[in-house]
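**Q** One structure follows; several queries about it will come next.
The values are calculated or read from the model by the stated rules, or taken from the named source; none is laboratory data. The model shown is predicted, which means the values in this text are computed figures rather than measured ones. In this analysis, Cβ positions are derived from the backbone assuming ideal geometry, glycine residues included, and neighbour counts consider all displayed protein chains.
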Amino acid sequence: MSVQIAQQLRNLGRYRQILMVLVRHGFADFVRHTGLSAVVTKSIGSFGKRGRYEADLINQPRSVRLRLALEELGPTFIKLGQVLSTRRDLVPDEIAEEFARLQSECPEVPFKDIRKRLDDEFPGQVDTLFKSIEEKPLAAASMAQAHRAVLANGTNVVLKILRPGIEDILQSDMEILRFIASVVEDYFDNMGFNPVAVADEFARELEREVDLLQEARSTDNLRTAFADDPGVDFPIVYWDETSKHVLCVEEIKAQLLSRVEPEDLPEETRKALVENGARAVFRMTLDMGFFHADPHPGNIFVRDDGGIVFIDCGMVGHVDLETRMSIAELVYGVTKNDAQLVMNCALNLTDVDEDEVDLRRAKGDVQQLVDQFVGVPMDRIDLGQVLEDFFQTLRRYGLQCPPDVVLLIKAMSTIEGVGARFDPQFDMVSFAHPYLARLIKERYSPGAMWRRLRSASSSYVKLVEHVPQDVASIVRKLRKNELKFNLELRSIEELIETAEAATNNIAMAVLISSLIVASAILVHAAPEGKWGFLAIIGMLGFIIATVMAFGLVFGIWRHRRSSKARVKHAAKRASKRRG
């Protein structure tokens, strides 16, 4: 508990800064409603006296004010917004669209700090590994900074180096984000997303972001997978110069797609780059199940012949064969106006208990969505938009598909956007059709059905083989009165948890009281007017007691909020069952 108290005290200044930024951007009511206003009472009280800038700011839409607040709060929160811009299953559309405008460019880290990071990663080897390193960065993003360098053998490379101290900043901010998310979930209903789930998903994403070895492995694996495709490539990873905090890859000699206008490229090049991009994304998402999850123009280089090179493989997705088959069936169901097939695919993808969803109403909304595409030619169907609209419809019923499926949809939508910009005549759905058809054939072909039947038969045979042994074991335990039943009694567990918490609080209160009394005796026993040993020990005791009291009050407050949240969730579950 002392560690938690120390963490909360360490984060107290950051709490205040975050809440003041929220107040300044027009979220004072939120701070009041969550009970956190005591931390920034003065700021809220003077809210009406702010200048013209603040007054103009308050008139901006909520999504804009949120984006500006995240930009002011720094790297962790900028990254949070960037991640949420890809997660329309977790946040409303208008917020996701606004967060997509967040800029990742940040102030540069001085090169002496970058050099220290390199010396820490490669002790005594930096001058041996690198012939030179440019002090001026190529880019300075929220998590890392990129520098050109030359290896000892003369190879031109790019170093992606995590910002020094970023791990501590992320850890502190994530503790605060999780706490704020729990408060938001306790106080607000019908938000359309789960704040705690958002915080947990973001924490997992950050863990991947600060481990550059994962990005290196992903880049290497994708490069190997496309070794047979001359139109698609990924950078070479130089493993001897790569570590958890430093990534060393080849420097790509081509044009960054985000800096190229369509009219700057010949028509043949435009057609080739769109076809290469579409082939790469559909092959990754539908054939391999391992894909670059953020293939936007800022992460794609285009060569003179239309060949493309993907960079920045820090965000990748994984989907198994069953999930890919469900995606293919879903698109097939939309084109065939089969709402039941579409709904079945949705339930498979979301892995939800059918008893907790109003399937009749959900199917009606899905049917309306499917009806929009009746009679529409294949070349006029926006594949990414179909999938996104579909899962937005499901979100209204509390159905959330797995994060990697959302990333798959985003990857498809992003590459469709690239195609629409550089070759508007390109038929993305027809191009994807062979990949979708292959998956559907895989599910319904005689060979595939025979393999599934054989596998199921094998499982049933094993089950039957073990029945006599299992029955004999049960009978044997009955004879010996050794048969036991394990029942999950959640209410009793919660009661035990509450009793333990109450006992701990009482023990802590007694300890604090004893410490105060002992400190008072020591201070009183000290010679009057002199700060001797006894007085110093007594004052230290008062300080420790104050810190412990703060931790006790904070812990009680959090436990009460947690208890209220459990009661609220139980009531929601009961309401769903009655409905």
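**Q** Hand me the list of helices (runs of 4 or more DSSP H) wholly inside region 90-151 holding 1 or more residues that are under 21 Å from the mean Cα position of the chain (by Cα) and either within 25 Å of Leu407 (Cα to Cα) or in the same structural domain as Arg163 (by TED's automatic domain parsing) (or both).
**A** Details: elements: 93-99, 111-121, 126-129.
Counting at least 1 such residues, we get 93-99.
**Q** Right, something else. Search region 151-182 for residues being β-branched (Val, Ile, Thr) and closer than 21 Å to Ile556 by Cα, and hand back the single one that is modelled with the highest pLDDT.
**A** Here the answer is Ile176.
**Q** Quick check on Ser491: is it at pLDDT below 65, within 23 Å of Ile556 (Cβ to Cβ) and among the polar types (S, T, N, Q)? Give the steps one after another, and end with the answer.
**A** On the way: at pLDDT below 65: yes; within 23 Å of Ile556 (Cβ to Cβ): yes; among the polar types (S, T, N, Q): yes.
In short, yes.
**Q** Out of the residues in region 418-433 that are under 17 Å from Pro295 (Cα atoms) and touching a residue at least 24 places away in the same chain (Cβ under 8 Å), which is farthest from the chain's Cα centre (by Cα)?
**A** The residue in question is Asp423.
**Q** Continuing with this model, one more query. Could you run through region 324-339 and say how many residues are assigned to a loop (DSSP other than H, G, I, E, B) and either in contact (Cβ under 8 Å) with a residue 24 or more places away in the chain or among the β-branched types (Val, Ile, Thr) (or both)?
**A** 2
**Q** So, one more: If you go through region 152-188 one residue at a time, how many are part of a strand (DSSP E or B) and of a type in the set (A, V, I, L, M, F, W, C)?
**A** So the answer is 5.
**Q** Just to be sure, is Arg270 assigned by TED's automatic domain parsing to the domain that holds Phe426 and over 16 Å from Thr219 (Cα atoms)?
**A** Considered against the rule, which asks whether it is assigned by TED's automatic domain parsing to the domain that holds Phe426 and over 16 Å from Thr219 (Cα atoms), Arg270 comes out as yes.
Each row is one residue, and each column tells you yes or no for (1) basic (Lys, Arg); (2) within 23 Å of Val196 (Cβ to Cβ); (3) modelled with pLDDT under 85.
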| residue | (1), (2), (3) |
| --- | --- |
| Ala96 | no, yes, yes |
| Pro107 | no, no, yes |
| Arg117 | yes, no, no |
| Gly124 | no, no, no |
| Leu138 | no, no, no |
| Ala149 | no, no, no |
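**Q** I would also like to ask the following. Just checking, which of Glu261, Glu267, Glu241 is touching a residue at least 40 places away in the same chain (Cβ under 8 Å) and of a type in the set (Asp, Glu)?
**A** On the way: Glu261 fails: touching a residue at least 40 places away in the same chain (Cβ under 8 Å); Glu267 fails: touching a residue at least 40 places away in the same chain (Cβ under 8 Å).
The match here is Glu241.
**Q** Let me ask you something else. Quick check on my filter: what residues within region 288-312 are in contact (Cβ under 8 Å) with a residue 40 or more places away in the chain and under 15 Å from Asp404 (Cα atoms)?
**A** Met288, Phe290, Phe291, His292, Ala293, Asp294, Pro295
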